[in-house]
Amino acid sequence: MVEQPLGAVGYAGVLRELLPIALWREDAHGRIVEWSLAAQDLLGFRPQDVLDRPASALLVPEGNRELADQLTDRVQGGETVVGTLSVRHRDGHQVTMETWIVPATDAQGRPGALLIAVETSEVLRMRDSLAALESLFGQSPIGLATLGTDLRFLRVNDALARMNGVPAAEHVGRRLTEVVPGVNAVALEKTMREVLEQGAAVVDVRRTGRTPADPDRERTWSCSYAPLLDGAGRTLGLIASLIDITESQQAERDAERARRRFALLAEAGTRIGTTLDPRQTSEEIVRMLVPQLADSADVQLLEEVIAPDESTAATHGVVRRMAALFPDPSAPTAKLLPGMTSRISRGSLYERVIADGRPTDLYRSDVPALVTDPRADELRAYLMSLGSARLVPLVARGKVLGAVVVTRLRSREPFDEQDCVLIDELAARAALNIDNALMYTRQRAAALTLQRSLTNSALPDVPGLELTGRYLPASEHDVGGDWFDVIALPEERTGLVIGDVMGHGIHAAAVMGQLRAAVRTLARHGIDPARMLSSLDAVVADMGEDQMATCVYAVHDPATGGCLVARAGHPPPAVVTPGGAITFLDGSPGTPLGTGERQFETEEVPLPPGSLLVLYTDGLIEARDRDLDQGLDRLARALRHPGQPLGALCDGVLEQMLPYAAQDDVAVLMARPQP
């Protein structure tokens with residue numbers, strides 16, 4: 001036997017890759033007399049290692065030698081034997097091989113055997129892979145295809161054929177641009193060429209379009225491509241897999257819109273209603289709507305809602321623009337200024353929305369009835385040019401406050417159902433904030449009116465005393481219960497009172513008014529300060545369990561040159577001597593009014609001419625950045641120059657004690673005895 005032809009067969013391309021074959025010949029004594037190069041590659045032995053040596057000792061594992069001897073006897077008897085045997089590799093491991101042992105004689109006619117051993121593991125793996133591939137192609141819901149290097153289909157499974165609406169057989173031999181030109185086939189073929197050139201897979205390339213399977217609906221597929229290689233790494237083409245993700249894409253879009261919707265609602269909770277000002281709240285609404293949901297927003301409130309006490313037949317059906325935002329440069333903004341009023345046309349869609357309290361879409365045919373002013377032709381023409389619009393009533397607590405008009409330009413998609421739901425929800429939240437602002441505005445106005453009616457900032461002229469007082473509210477938008485008063489008493493005495501009612505608003509102002517009236521009534525009976533506070537305690541207790549107040553009541557008598565003082569849980573009054581020494585009364589602080597304890601004591605304080613008595617509420621000395629003792633020390637430093645005019649002294653004290661806006665209401669009353 002010639003060695004080279006055997007070697008050549010051993011190196012044949014596909015056979016070598018898939019069916020490695022080893023050939024060798026044994027003589028009648030079982031010695032190896034020929035050994036192919038393929039056998040060397042497969043089993044590791046070189047010819048010089050095996051020739052003229054017993055094959056059984058070299059190649060047969062220990063446990064199989066008896067079987068090998070039996071097979072040798074059968075072959076020498078003229079039988080051809082075929083079986084799966086384990087053959088020992090040079091490094092000791094076993095190689096399972098399908099072996100043909102054929103009787104053969106040498107050139108001299110001597111008996112022997114020719115062994116053809118095939119290593120089949122790769123073929124078995126290929127068989128399993130082919131079975132899996134056949135199953136995948138036949139049963140997978142994923143669209144699968146193989147394409148050649150010319151990008152023509154070689155094979156297509158039924159799932160892909162259904163996706164494309166073209167039979168599988170009509171794919172073969174054609175390119176994607178020829179089978180389904182209605183998708184972005186050109187871009188996909190470019191991607192496939194890159195996969196072939198670069199030898200790297202590409203995953204999740206989106207393909208969008210319409211196919212004969214669903215010609216009326218645009219669908220989306222996720223496409224992945226990978227090179228198809230043979231065992232030697234040569235590129236045979238590529239394999240493509242496609243998944244229809246139309247529904248999941250829509251679900252993702254819906255989920256994303258829902259996420260944006262919730263985020264927008266959450267943002268609205270922090271951006272709308274930051275103040276109790278109806279105009280500011282309206283401006284916050286339009287900034288919330290534009291540009292996230294609309295290209296313009298216009299908030300209008302009914303005039304009779306803004307000022308219910310001033311509503312007449314003339315204001316019925318009149319709306320006032322509170323805020324408008326029209327970023328479009330072509331919008332006639334001069335016709336959309338806040339504060340402008342217009343009358344709702346009778347029988348119009350606007351009137352019906354206000355009456356029914358239900359939102360509606362607006363159409364071009366509705367515009368003339370919405371804008372009836374003959375001078376508003378520019379505005380009317382602009383509204384007619386818009387793409388879509390919606391009119392949403394502002395309804396809170398069952399009452400219609402006005403409406404908001406939102407629009408979109410034609411360059412933007414019209415409002416869909418989800419947009420409308422979100423806009424209506426924002427309008428409902430905004431309406432509640434506007435209603436709260438309107439109620440607060442009305443209540444504050446009532447409280448201010450009550451407070452002004454119950455307090456008198458003009459102090460009386462009393463003999464022997466120079467007086468001044470100040471009241472500083474903590475907020476322009478709220479009313480507190482701090483107050484002071486001066487009461488002329490018989491025998492040229494003077495009653496001085498300062499108090500602080502717990503809480504704010506109209507209720508605190510009302511309680512303050514009742515206490516002020518009670519003090520004035522009781523003071524004229526000449527009762528001493530401790531009994532005065534006991535009576536006031538009963539008055540506050542009658543108002544309810546949760547009501548409390550603090551108070552200082554003092555009576556100055558010019559005849560004795562002194563002052564009787566009693567406290568009910570109030571900060572200690574300051575006394576400044578003519579020489580400038582400053583002290584705070586250290587007598588019994590008493591208990592707040594309304595607790596029922598009535599532990600009040602009267603303290604006598606000398607007040608010679610030129611001295612100073614300073615009464616104040618806790619807002620003057622208490623703050624978040626300092627405690628009570630620090631506040632008293634600071635007040636003492638502010639009173640170090642008591643000789644200046646009383647009004648200037650009081651203003652200076654307030655300026656030093658309150659360099660920034662007060663955190664609580666402040667009342668101050670100063671009295672200086674005269675010679």
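The values are calculated or read from the model by the stated rules, or taken from the named source; none is laboratory data. The shown structure was predicted, so the numbers you read here are calculated from the model rather than taken from an experiment. Here the Cβ positions follow ideal geometry from the backbone for every residue, glycine too, while neighbour counts run over all protein chains shown. Just so you know, the surface numbers come from the protein's heavy atoms only, side chains and all, with ligands and any DNA or RNA stripped out. Shrake-Rupley method; radii C 1.70, N 1.55, O 1.52, S 1.80 Å.
Within region 127-137, the presence of a residue that is modelled with pLDDT of 80 or more, crowded, with 16+ Cβ neighbours inside 10 Å and not polar (S, T, N, Q) is excluded.
The single condition among (1) in contact with a Ser or Thr (Cβ under 8 Å, 6 or more places away or on another chain); (2) touching a residue at least 12 places away in the same chain (Cβ under 8 Å) that Val186 does not satisfy is (2).
It is to be established whether one or more residues within region 363-379 are of a type in the set (Phe, Trp, Tyr) and either open to solvent by 40 Å² or more (accessible area, probe 1.4 Å) or modelled with pLDDT of 80 or more (or both). Checked region 363-379: at least one residue is of a type in the set (Phe, Trp, Tyr) and either open to solvent by 40 Å² or more (accessible area, probe 1.4 Å) or modelled with pLDDT of 80 or more (or both).
Would it be correct to say that Arg321 is under 26 Å from the mean Cα position of the chain (by Cα) and among the basic types (Lys, Arg)? For Arg321, the condition - under 26 Å from the mean Cα position of the chain (by Cα) and among the basic types (Lys, Arg) - is not met.
For (1) open to solvent by 10 Å² or more (accessible area, probe 1.4 Å); (2) modelled with pLDDT under 85; (3) farther than 30 Å from Ser611 by Cβ, each residue gets a yes or a no:
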position: Ala396; (1), (2), (3): no, no, yes
position: Asp416; (1), (2), (3): yes, no, yes
position: Glu425; (1), (2), (3): yes, no, yes
position: Ala431; (1), (2), (3): no, no, yes
position: Arg442; (1), (2), (3): yes, yes, yes
position: Ala447; (1), (2), (3): no, yes, yes
position: Ala488; (1), (2), (3): yes, no, no
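In the condition set (1) more than 48 Å from the chain's Cα centre (by Cα); (2) part of a helix (DSSP H, G or I); (3) surrounded by 18 or more Cβ atoms within 10 Å (Cβ to Cβ); (4) not basic (Lys, Arg), Gly619 is compliant with all but (1).
Screening Val653, Val575, Val614 for residues that are over 16 Å from Val666 (Cβ atoms) and among the β-branched types (Val, Ile, Thr) leaves exactly one candidate, Val575.
Among the candidates Thr220, Thr146, single out the residue that is open to solvent by less than 30 Å² (accessible area, probe 1.4 Å), hydroxyl-bearing (Ser, Thr, Tyr) and over 44 Å from the mean Cα position of the chain (by Cα).
Working: Thr220 fails: over 44 Å from the mean Cα position of the chain (by Cα).
Only one candidate passes the filter, namely Thr146.
Please find, within region 317-337, the residue that is least open to solvent (accessible area, probe 1.4 Å) out of those that are part of a loop (DSSP other than H, G, I, E, B) and closer than 14 Å to Val405 by Cα. Per the stated criteria, the residue is Leu336.
The residues of region 470-483 that are crowded, with 24+ Cβ neighbours inside 10 Å and at pLDDT 85 or above, listed by number, are Asp482, Trp483. For the condition of a type in the set (Lys, Arg) and modelled with pLDDT of 90 or more, Arg567 qualifies. Filtering region 173-204 to residues that are surrounded by 14 or more Cβ atoms within 10 Å (Cβ to Cβ) and hydrophobic (A, V, I, L, M, F, W, C) leaves Leu176, Val179, Val180, Val183, Ala185, Leu188, Met192, Val195, Leu196, Val202.
Scanning region 274-296 for residues that are open to solvent by less than 30 Å² (accessible area, probe 1.4 Å), over 12 Å from Ala324 (Cβ atoms) and not in a loop (DSSP other than H, G, I, E, B) yields a total of 4.
Taken over region 223-238, the criterion of being in contact with a strand residue (DSSP E or B) (Cβ under 9 Å, 6 or more places away or on another chain) and either of a type in the set (Lys, Arg) or open to solvent by 50 Å² or more (accessible area, probe 1.4 Å) (or both) is satisfied by Leu228, Leu229, Thr235, Leu236.
Do we have any residue at all in region 305-312 that's outside any helix (DSSP H, G or I) and either within 15 Å of Arg429 (Cβ to Cβ) or not small (Gly, Ala, Ser) (or both)?
If we filter region 305-312 for residues that are outside any helix (DSSP H, G or I), which is where we start, we get 307, 311-312.
Within this subset, residues satisfying the condition of being either within 15 Å of Arg429 (Cβ to Cβ) or not small (Gly, Ala, Ser) (or both) are 312.
Yes, because at least one residue in region 305-312 is outside any helix (DSSP H, G or I) and either within 15 Å of Arg429 (Cβ to Cβ) or not small (Gly, Ala, Ser) (or both).
Out of Gln663, Gln644, one residue alone is surrounded by fewer than 19 Cβ atoms within 10 Å (Cβ to Cβ), modelled with pLDDT under 85 and assigned to a loop (DSSP other than H, G, I, E, B). It is Gln663.
Results for (1) in contact with a strand residue (DSSP E or B) (Cβ under 9 Å, 6 or more places away or on another chain); (2) exposed (fewer than 13 other Cβ atoms within 10 Å of the Cβ); (3) not β-branched (Val, Ile, Thr); (4) not in a loop (DSSP other than H, G, I, E, B), shown as yes or no for each residue.
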| position | (1), (2), (3), (4) |
| --- | --- |
| Glu66 | no, yes, yes, yes |
| Leu71 | yes, no, yes, yes |
| Arg74 | yes, no, yes, yes |
| Glu79 | yes, yes, yes, no |
| Thr84 | yes, yes, no, yes |
| Val87 | yes, no, no, yes |
| Glu98 | yes, no, yes, yes |
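Sort out which residues of region 514-550 are open to solvent by 10 Å² or more (accessible area, probe 1.4 Å) and within 53 Å of the chain's Cα centre (by Cα), and write them in order of number. First the steps, then the outcome.
Of the residues in region 514-550, the ones open to solvent by 10 Å² or more (accessible area, probe 1.4 Å) are 514, 516-518, 520-522, 524-528, 530-531, 534-535, 538-539, 541-548, 550.
Gln514, Arg516, Val539, Ala541, Asp542, Met543, Gly544, Glu545, Asp546, Gln547, Met548, Thr550, listed by residue number.
So which pairs qualify, if the first residue must be in region 36-55 and at negative phi, the second must be in a loop (DSSP other than H, G, I, E, B) and of a type in the set (Phe, Trp, Tyr), the Cβ gap must be under 8 Å, and the two must be at least 6 apart or on different chains? From residues that are at negative phi, the pairs are Leu37/Tyr11; Ala38/Tyr11; Ala39/Phe45. Taking (1) in contact (Cβ under 8 Å) with a residue 60 or more places away in the chain; (2) under 30 Å from Glu492 (Cβ atoms); (3) open to solvent by 40 Å² or more (accessible area, probe 1.4 Å) in turn, Pro606 satisfies each apart from (1).
If you filter region 25-48 down to residues that are open to solvent by 30 Å² or more (accessible area, probe 1.4 Å) and among the charged types (D, E, K, R), you find that the one that is nearest to Gln76 (Cα to Cα) is Asp27. Considering the conditions (1) assigned to a helix (DSSP H, G or I); (2) at pLDDT 85 or above; (3) buried (at least 19 other Cβ atoms within 10 Å of the Cβ), Ala268 is excluded by exactly one of them, (2).
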